[in-house]
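These notes concern the structure reproduced below.
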Amino acid sequence: MKKKKVLITGINGQDGAYLSKHLIEKNYEIVGLLRRSSSYKLQRLDYLNIRNKIKFFHSELNEYKNIERIILETKPEIIYNLAAQSFVQYSFENPTYSFDINFSSVLNMLEVIIRNGLDTKFFQASTSEMFGNSKLTSQNENTPFNPTSPYAISKLSSHQLIKNFRESYGKFFCSGILFNHESFLRGREFVTKKIVHGLVNIYYNNGPIVKLGNLNSSRDWGHAEDFINAMYLIMHKSRLPDDYVVATGRAFSIRDFIKKVCECMNIKIRFIGKGYQEKCIDIKNNKILISIDRKYFRENELLKLKGNPNKIKKKLNWKLKYNFSKLVEDMVKKEIDNIKSENSIFF
Ligand code: NAP
Ligand code: F7E
């Protein structure tokens, strides 16, 4: 039987790699979009041992004609749009580019589908950042949006476009409103990977002090593998197209995350000092592990996000395999294994 074909943009990112593995295991043919660069680093796909099972096409997301050619040539059953300028802080430095990739490129792909009369379904990776500093203790599909960064505004524009085109053209276009999800494959600029890698690097490699920004902001952190399963359910199990919050329902601060990492590594720590002078030290020898650097504070900080995943749990029977402790344990274990390995990789 002919395999069903899926096109994944951002295939080389954290989610793209895990989603590819998930769909390969379910016998899908995977077409992956890669942007051209002088050297291809496909370490995440190699780590999961799936590079040879993917057919690659090369394009920047905003090379509109090229994207149109690829969609018309491959005619996928589903496009999972996971490519993005996904780093919130960078969106303040380069809002134009962030809008181009996170909004205009989405509009282009949707137009290709609609104008050419394709049946292609479309998954958009929307974000909890769209809620901004919400007054509610937890956010669900009905919570008003109040974005606090160019990244969040660009993603909200795409989110609204998906809804509008779904309702206007009767298309199977869906958004997952994804809260933070992490793993060993997380990019190094994001705080969880930075903390885990930084602390493991200090203890196993004599690495430098980790410098961080606001330790008090808190996030609803899940494991990327669970979130990939949610994306799959939204696109393959849902009868009607819809938008879903994907979250664990629990929130922890950056400080909690640091404590949990240290607990997993059997390091006893203490936080000393206040504000920009705060430090995290190893109680055994007073060694400074973490200090604060103003440059990692945001122009407009989003202090707390906590999702309410009741809809996806009830309607699509989504179940979580990882809680906060298991997520951190998994990240620490894989980071230690990686640093000890002869072929260690760093994203
Ligand atoms: P990621 O690791 O940063 O991956 C993003 C991917 O997009 C990378 O493979 C990157 O390519 C690709 N990309 C960036 N600019 C591109 C361009 N101009 N043309 C083509 N490809 C481009 O992100 P992720 O964590 O997997 O997240 C996946 C999606 O979910 C993103 O849309 C993100 O905004 C959204 N999201 C993520 C989270 C989260 O907590 N992870 C939460 C909410 C929403 P390179 O590999 O070449 O850099
Ligand atoms: O920051 C604080 C920072 O950059 C989390 C993306 O996947 O999730 C991600 O965006 C928190 C913020 O993720 C550092 O101020 C402190 O409060 O890891 P992050 P993010 O901004 O939440 C959402 C849902 C997405 O959609 C995005 O694509 O941690 N923080 N110190 C720091 N953050 C960073 N990066 N580096 C620090 O040193």
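Amide H contacts for G13 (H built 1.01 Å from N in the peptide plane; partners 5 or more residues away or on another chain; cut-off under 5 Å): none found. Segment N286..K313, full-extension length gain: 5.2 nm, with 0.36 nm per residue of separation and the alpha-carbon distance subtracted. In the chain, the ratio of gyration radius to Kirkwood radius, Rg to Rh, stands at 0.97 when only Cα atoms are counted. Put in order of Cβ neighbour count within 10 Å, fewest first, the listed residues S104, S175, S157 become S104, S157, S175.
Dipole size in debye (nearest 20) for segment 235-335 around its Cα centre, Lys and Arg Cβ +1, Asp and Glu Cβ -1? Please list the in-between numbers first.
Working: 26 positive and 12 negative charges, 85 e Å.
I would put it at about 400 debye.
Legend: residue pairs K237/K321; K41/K333; K5/K306; K2/K171; K53/K237; K279/K321, Cα-Cα distance threshold 30 Å; pairs beyond threshold, K5/K306; K279/K321. Which of L185, P144, I101 sits farthest toward the positive end of the charge dipole of the chain, with +1 on the Cβ of Lys and Arg and -1 on the Cβ of Asp and Glu? Of the options given, the answer is L185.
Working from Cα pairs under 8 Å separated by at least six residues, relative contact order for segment 40-116 is 31 percent. Seen through its C-alpha gyration tensor, with square-root eigenvalues sorted a ≥ b ≥ c, segment 191-242 comes out prolate because a/c lies at 1.5 or above while a/b is bigger than b/c. Rounded to the nearest 20, the Cβ-based charge dipole of segment 183-239 about its Cα centre (Lys and Arg +1, Asp and Glu -1) stands at 100 debye.
Applied to segment 308-315, the Karplus parametrisation 6.51 cos²θ - 1.76 cosθ + 1.60 on θ = phi - 60° returns per-residue 3J(HN,Hα) values of 10, x, 4, 4, 5, 5, 6, 6 Hz, with x for Gly and Pro. Based on the Cβ-Cβ distance from S104 to S325, what FRET efficiency comes out when R0 is 51 Å, to the nearest 0.05? After rounding, the FRET efficiency stands at 0.80.
Here segment 57-114 and segment 274-328 have alpha carbon centers that stand 29 Å from each other.
Apply the a/c threshold of 1.5 to the C-alpha gyration tensor of segment 1-131 and tell me whether it is rounded, prolate or oblate.
Numbers: a/c = 1.62, a/b = 1.18, b/c = 1.38.
Since a/c reaches 1.5 but b/c is at least a/b, the shape of segment 1-131 is classed as oblate.
For segment 183-279, the alpha-carbon radius of gyration amounts to 1.36 times the rule-of-thumb value 2.2 N^0.38 Å expected for a compact globular protein.
Determine the dipole magnitude for the chain: charges of +1 sit on the beta-carbon of Lys and Arg, -1 on that of Asp and Glu, nothing else is charged, the reference point is the Cα centre, and the result goes in debye to the nearest 20.
Values: 56 positive and 35 negative charges, 156 e Å.
I would put it at about 740 debye.
Sequence-ordered 3J(HN,Hα) estimates for segment 185-192 from the Karplus curve with 6.51, -1.76 and 1.60 and θ = phi - 60° stand at 7, 4, x, 5, 7, 7, 5, 5 Hz, glycine and proline given as x. Projecting the Cα atoms of I8, S91, F131 onto the charge dipole of segment 1-135 (Cβ charges, centred on the Cα centre) puts I8 farthest toward the positive pole.
Determine the percent antiparallel among the DSSP beta bridges restricted to the chain, to the nearest 5.
Numbers: 10 of 44 bridges.
In the chain, approximately 25 percent of DSSP beta bridges are antiparallel ones.
For the pair E73 and Q43, label points projected 7 Å from Cα toward Cβ lie 2.9 nm apart.
Bear in mind these aren't lab numbers, they're just calculated from the coordinates by the rules spelled out. Everything quoted here is computed from the prediction, not taken from an experiment. Glycine also receives a Cβ, built like all others from the backbone with ideal geometry; neighbour counts cover every protein chain displayed.
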